[in-house]
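The values are calculated or read from the model by the stated rules, or taken from the named source; none is laboratory data. All of these numbers come straight from a predicted model, not from anything done at the bench. Positions of Cβ are generated from backbone atoms using ideal geometry, with glycine treated the same way; all protein chains shown enter the neighbour counts. Side chains are part of the model used for accessible areas, which takes the heavy atoms of the whole protein and leaves out ligands, DNA and RNA. Shrake-Rupley method; radii C 1.70, N 1.55, O 1.52, S 1.80 Å.
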Amino acid sequence: MEMHEESDEQLVALFRSGNNDAFNILLMRYADSIKLSIRKIISDMEEINDVFQDLSIHLSIKLKNNYQENGKFLGWLHCVVDNYMCSYCRKKKIKIVNVDIETVKEREAEYTLNPIDREQKYADLRKSVKELPYEQRILVEMKIWKKMTLEAIALKLNMKKSTVDKRLQAAYRKIEKSMIAKGYDDAFV
């Protein structure tokens, strides 16, 4: 059987065992879909190609280090691409409009954890939050569990909103690293 005929999961296993050609096949298989996601935000072809190249590197790293095999590669791929594009938009200060909520929900459903794994991930996330320094832990608890706005947190703690935001971003990065160390590919539940 030629590698082009292998399933996504077989190609992932080959790539993770050191066969870079397997990744190239996966990338070619889904290049149009990935570029379509990029085109929804960027119109300049040169920039689309640059983002595609950066995203390809990002995907290979995530696939090599963080992918958890559960037979839902395409859902995982779409989640990584969507998250990458959201980060790209934040960095470039691009406002995303006309988000297709149904498509987002469908993609999330493709890569949803079963209830037992979800509960375990949630428990691990709580542990990661408890591992934070006290000040960061309080900020995360106020933002995530108490659902307070940045303005409300800043007012309550007598801080600037920008300071709260920066400290929360630092806390989120620590949580992300902690969750990756626990074997997850992100901190989302």
ask   = In the list Y88, Y84, which residue meets the criterion of being farther than 20 Å from A13 by Cα, touching a helix residue (DSSP H, G or I) at 6+ places or on another chain (Cβ under 6 Å), surrounded by 11 or more Cβ atoms within 10 Å (Cβ to Cβ) and aromatic (F, W, Y)?
value = Y84
ask   = Can you name the number of the only condition in (1) closer than 24 Å to N65 by Cβ; (2) surrounded by 14 or more Cβ atoms within 10 Å (Cβ to Cβ); (3) within 19 Å of the chain's Cα centre (by Cα) that R29 fails?
value = (3)
request  = Please state which one of F73, F52 is out of contact with any strand residue (DSSP E or B) (no Cβ under 9 Å at 6 or more places or on another chain), of a type in the set (A, V, I, L, M, F, W, C) and at pLDDT 90 or above.
outcome  = F52
inquiry  = When the residues of the range 112-164 are narrowed to those that are more than 19 Å from the chain's Cα centre (by Cα) and among the hydroxyl-bearing types (S, T, Y), which ends up most open to solvent (accessible area, probe 1.4 Å)?
reply    = Y134
ask   = Restricting the search to the range 32-72, which residues are of a type outside the set (D, E), in a loop (DSSP other than H, G, I, E, B) and open to solvent by 30 Å² or more (accessible area, probe 1.4 Å)?
value = K40, I41, S43, Q68, N70, G71, K72
ask   = Can you name the residue in the range 165-179 that is without any contact (Cβ under 8 Å) to a residue 24 or more places away in the chain and surrounded by 14 or more Cβ atoms within 10 Å (Cβ to Cβ) and, of all such residues, is nearest to S87 (Cα to Cα)?
value = E176
ask   = Is it true that I42 is in contact with a helix residue (DSSP H, G or I) (Cβ under 7 Å, 6 or more places away or on another chain) and modelled with pLDDT under 85?
value = yes
note = Only unsatisfied item for G18, checking (1) of a type outside the set (D, E); (2) part of a helix (DSSP H, G or I); (3) open to solvent by 40 Å² or more (accessible area, probe 1.4 Å), is (2)
